[in-house]
Amino acid sequence: MFIKSQNAYWSFYITIFLSILLILFSSSLISDPVHIYGIHSWGWGANGIFNGKDGWTVEVINTDYWPYDLTTTDAQNILNEHFTLIIRINKFFGQTIPANPADFDAFATACANKVNQFKDYCNIWIIGNEMNADFEGGIYVYNYRDCYKKCRTAIKNVQPEAIVLTAAVAPWNSTRTGVGPYPSNRQWLNYMYQLVNDLNDECDGYAIHAYGGRGGDTDPRNDDETGFGVYKKWMEIITGNAYAKNKPVFLTEMNHAADGQGSTPGYPKYPYPAGYINKLFEEINNWNKANTTKIHCAAWFSYANGGFPGYNISTNPPMSDDFKYTTQNTDYRYIEASISDKLWEVYK
């Protein structure tokens, strides 16, 4: 009886001590570091695969009318599930920013209006998507640069704390090129190189895309630049610029479908290989441990996207199981856990 009472006594005071330390440290240090786990295209119940860890979701709105765009109600539901929201703003699918530079001012104003609508839910914005590719308008790099700068200025006028990211460049697409040090058949790398170096410090961060699974390959960790390893080329460009290397990077689309869709629209050419999601997150975590320029988010495309049902975690049990396993058994963060985080784990 005495031993049990003594244990209870010490347990009580240790709990009080840890609680006081937690309060003290959480007021002075980062108390809730963000994990890298993310999804694209949120759906109800998405937080169920995160095992209580914080997460990212990437969503899309258009300045042209689209009846299925994200709503403020959707945004609130996403926040209620404890996600950090990243919103990509397009003109519209297939023409990600205006083709005519004369329309850039109006587009910047339209982007600012969208930000004003969603500013209570989000402060991270992407301007456009894979703009170098013909299927998103084939925008020349200097035109995208000028459009981005106008949008960034307009957005910060309505939300000064906004983080405005450049759009992800489409990997392996040769529609448009740029001036850079890469071979002439690496148009996408030269496009990214010119964009990063033209903008220098007039940029808040970068969205990037990377996909693996070439020929049904099951391990993205050993991919070269023709597969998931293209992310290292994007990072090579970013870290090679004195301004860019100090800015955040967000991997807003990744999956096993580098070879695209198969014979059925909306379904990848090769089936999902078990364990693939685990390996993707491991690879990005390894990058973050070894490098000072961090990838803050790694988002699987997708969770519940109506146009790509074969890519969705929500309807693919092996994908869902792998994502759950990863969030349950790893603690991948883009910054170190603070003392208050560690105390919280002890307290729990």
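Could you run the Karplus curve 6.51 cos²θ - 1.76 cosθ + 1.60 with θ = phi - 60° over region 60-75 and give me ³J(HN,Hα) per residue in whole Hz, x for Gly and Pro?
10, 10, 10, 7, 6, 5, 8, x, 9, 5, 4, 10, 5, 5, 4, 4
Scan around G55 for amide H atoms under 5 Å from its own, H built in the peptide plane at 1.01 Å from N, and keep only partners 5 or more places away or cross-chain.
So G55 has HN proximity to T84.
Convert 20 °C to kelvin, take the viscosity as 1.002 mPa s, use the Kirkwood radius over C-alpha pairs of region 34-332 as Rh, and evaluate the Stokes-Einstein diffusion coefficient in µm²/s, rounded to a whole number.
112 µm²/s
Give me the net charge of T292's neighbourhood, meaning all other residues with Cβ under 13 Å from the Cβ of T292; Lys, Arg count +1, Asp, Glu -1.
Cβ neighbours under 13 Å give a net charge of +3.
Please compute the net charge surrounding N305, taking Lys and Arg as +1 and Asp and Glu as -1 over other residues with Cβ under 12 Å from its Cβ. It would help to have the intermediate numbers written out before the result.
Numbers: positive: none; negative: E59, E253.
In short, -2.
So if I average 1/r over every pair of distinct C-alpha atoms in region 203-348 and take the inverse, what Kirkwood radius in Å does that give? List each step's numbers first, then the result.
Details: mean 1/r = 0.0614 Å⁻¹.
Across region 203-348, the inverse of the average 1/r is 16.3 Å.
At a threshold of 8 angstrom on Cα-Cα distance, excluding pairs fewer than six apart, so keeping six or more, what relative contact order does region 34-332 reach in percent?
Computed over region 34-332, the figure is 19 percent.
Looking only at the chain, where both bridge partners belong to it, what percent of the DSSP beta bridges are antiparallel (to the nearest 5)?
Percent antiparallel among DSSP bridges in the chain is about 10.
I'd like the distance separating the alpha-carbon centroids of region 62-125 and region 224-260, in whole Å.
Taking the Cα centre of region 224-260 as reference, the centre of region 62-125 is 23 Å away.
What residues qualify as long-range amide H neighbours of W172, i.e. H under 5 Å apart, gap of 5 or more or another chain, H built at 1.01 Å from N?
Residues meeting the amide H criterion: W188.
Taking H placed 1.01 Å from N in the peptide plane, check which residues at least 5 places from K247 or on another chain put their amide H under 5 Å from its amide H.
none
Work from the charge dipole of the chain (Cβ charges, +1 for Lys and Arg, -1 for Asp and Glu, about the Cα centre) and give the residue of W234, N316, N90 farthest towards its positive end.
W234
Taking the Cα centre of the chain as origin and charging only Cβ (+1 Lys, Arg; -1 Asp, Glu), how large is the dipole, in debye to the nearest 20?
My answer is approximately 460 debye.
Can you work out the Karplus-derived ³J(HN,Hα) for every residue in region 266-283? Use 6.51 cos²θ - 1.76 cosθ + 1.60 with θ = phi - 60°, whole Hz, and x for glycine or proline.
x, 10, x, 4, 10, x, 5, x, 3, x, 5, 4, 4, 5, 4, 5, 4, 5
Quick one: net charge around I61, please, counting Lys, Arg +1 and Asp, Glu -1 for every other residue with C-beta under 15 Å from its C-beta.
Neighbourhood net charge equals -1.
Quick note: the coordinates plus some simple rules give every number you see, no bench work behind them. All values reported here derive from a predicted model rather than from experimental measurement. Note that each Cβ is placed from the backbone with ideal geometry, even for glycine, and that neighbours are counted across all protein chains shown.
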